[in-house]
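Everything on this sheet refers to the single structure shown next.
None of the figures in this text is laboratory data; all of them are computed from the coordinates on show. These numbers were taken from a predicted model, which means no experiment stands behind them. Please note: Cβ atoms are built from the backbone with ideal geometry, for glycine as well, and neighbour counts cover all protein chains shown.
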Amino acid sequence: MHTRVLIIGSGPAGYTAGIYTTRAGLETVLMTGHMAGGQIMLTHEVENYPGFTRISGIDLMAHFQKQAEDVGVQLKYEMVRRVDFSKTPFEIETEMDQIWTADAVIIATGSTAKWLEVEGEDRFKGHGVSICATCDGFFYKNKHIAVIGGGSSAVYEALYLTEVAEKVTLVCRSDHLSAEKHLRDKLLYHPKVKIRWDTQVVEFLGENQLKALKLENVKTKDTSLLPVDGAFVAIGHNPNSDLFKGQLEIDKEGYIVTDKKTFATSVPGVFACGDVQEPIYRQAIIAAGTGCIAALSAEKYLLEKK
């Protein structure tokens, strides 16, 4: 089976790319993967996406999906198992053993947040436990928030949260921060921030909402309780790029390398957008914007090729 454009991934980037390529008259097939909608589906409430005062991540993606379907994007609820970008048209094999070929491919597979995988974490996701301060920080205005991690992402999240929270406690497993120096300097002397060194979270506690963290000192093994109103896990993300290793240029952290003007990858005709190539901000509106650019770039590539 052949299509002009095949999109892999169905978050804000993938749906937006599909809307633009289809409106340009290009037959477009979009492989949603197992979790249609992407990482934002885990966000309980979104208040920073223009046009929606307050909406859940699930409902926002439902709007994206409906618009994509209305303009004619062909959605296939399948996971891609293999790609071959060594020849054109490109070849894509799904887990249902179907083989697709495409003249252009847009990758929008996103990234997956790393979780602690400790007791209570799953239970309180969206009810006090989050992975995105810019998404959910507003809900903890003038409250006590914990940030878990010690790298640049954690320090950035903690600094951002000082703008809304009354107090921020950073829970760090080591005795030092691995973040960039300018971020460390800002955090270490911030009056709203307290750091719990050599400490890890072993359990999230509460009833219907998170109320406290059970902490353990990694050296002494002593445990303690830290009452909090919310907790943000910031131990990094894994870009969903394993499928493309050996096919595209990928950096040491696993992100697909793209031209930041066109979002073209190292293979002409293959484009990448959204969090799979953007390690810093991880915002739905940015992902959607990159999906738009990738789609317009794919359209231009196909016109020039023709």
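Brief remarks on what is shown
- Taking the Cα centre of the chain as reference, the dipole from Cβ charges on Lys and Arg (+1) and Asp and Glu (-1) amounts to some 640 debye.
- Calculated from backbone phi, Karplus (6.51, -1.76, 1.60) coupling profile of segment 172-182 in Hz, x at Gly/Pro: 10, 5, 10, 9, 8, 9, 8, 5, 4, 4, 5
- For THR199, residues with placed amide H under 5 Å, excluding near neighbours: CYS172, ARG173, SER174, VAL218
- Computed from backbone phi, the HN-Hα couplings of segment 14-29 come to x, 4, 4, 4, x, 4, 6, 5, 5, 5, 7, x, 9, 4, 10, 10 Hz, rounded to whole numbers (Karplus: 6.51 cos²θ - 1.76 cosθ + 1.60, θ = phi - 60°; Gly and Pro given as x).
- PRO239 sits among other residues whose Cβ lies under 12 Å from its own Cβ, and their net charge, with Lys and Arg +1 and Asp and Glu -1, is -1.
- In segment 115-233, the C-alpha radius of gyration followed by the widest Cα-Cα span (Dmax) gives 13.1, 39 angstrom.
- Highest to lowest packing among 155-166, 207-218, scored as the average C-beta count within 10 Å: 155-166, 207-218
- Cut-off under 5 Å, modelled amide H: who pairs with LEU30 long-range: ILE7, GLN74, LEU75, LYS76
- Applying a 4.7 Å cutoff between beta carbons, the unpaired cysteines of the chain are CYS172, CYS273, CYS292.
- As a rough guide to protection, the peptides 287-300, 234-247 ranked by mean Cβ packing within 10 Å, highest first, stand as 287-300, 234-247.
- Nonlocal amide H pairs with ALA231, under 5 Å, H built at 1.01 Å: VAL129, SER130, ALA146
- Highest-fluctuation residue, HIS182, HIS63, HIS144 considered, GNM on the chain with Cα pairs under 10 Å: HIS182
- Computed lengthening from ARG173 to GLU249, 0.36 nm per intervening residue step minus Cα-Cα distance: 24.1 nm
- Here is the list for segment 1-60: trypsin sites (Lys or Arg not before Pro) lying in DSSP coil, each with at most 14 other C-beta atoms within 10 angstrom of its C-beta, are ARG54.
- Under the Karplus curve 6.51 cos²θ - 1.76 cosθ + 1.60, θ = phi - 60°, whole-Hz ³J(HN,Hα) for segment 105-113, x wherever Gly or Pro sits: 10, 10, 9, 9, 7, x, 9, 10, 5
- Rounded tilt (10° steps) of 57-71 against the dominant C-alpha axis of the chain: 10 degrees
- Computed from Cα positions, the angle between helix 152-161 and the longest principal axis of the chain comes to roughly 70 degrees.
- Cβ-based net charge around ALA264, under 15 Å, with every Lys or Arg adding one and every Asp or Glu removing one: -2
- Annotation: peptides 264-270, 13-19, ranked by per-residue average of other Cβ atoms within 10 Å with the highest first, follow the order 13-19, 264-270.
- In Å, descending, principal axis extents of the Cα set of segment 209-257: 48, 29, 14
- Each helix, a run of at least 4 DSSP H residues, gives -39500 (n - 2.57); summed and divided by the residues of the chain, these come to -7000 deg cm²/dmol at 222 nm.
- Partners for LYS260 among aspartates and glutamates (Cα-Cα distance below 18 Å; same-chain residues under 8 apart left out): GLU249, ASP251, ASP275, GLU278, GLU299
- For LYS219, a cut-off of 30 angstrom between C-alpha atoms picks up these lysines, skipping any fewer than 8 places away in its own chain: LYS114, LYS125, LYS143, LYS167, LYS181, LYS186, LYS192, LYS194, LYS211.
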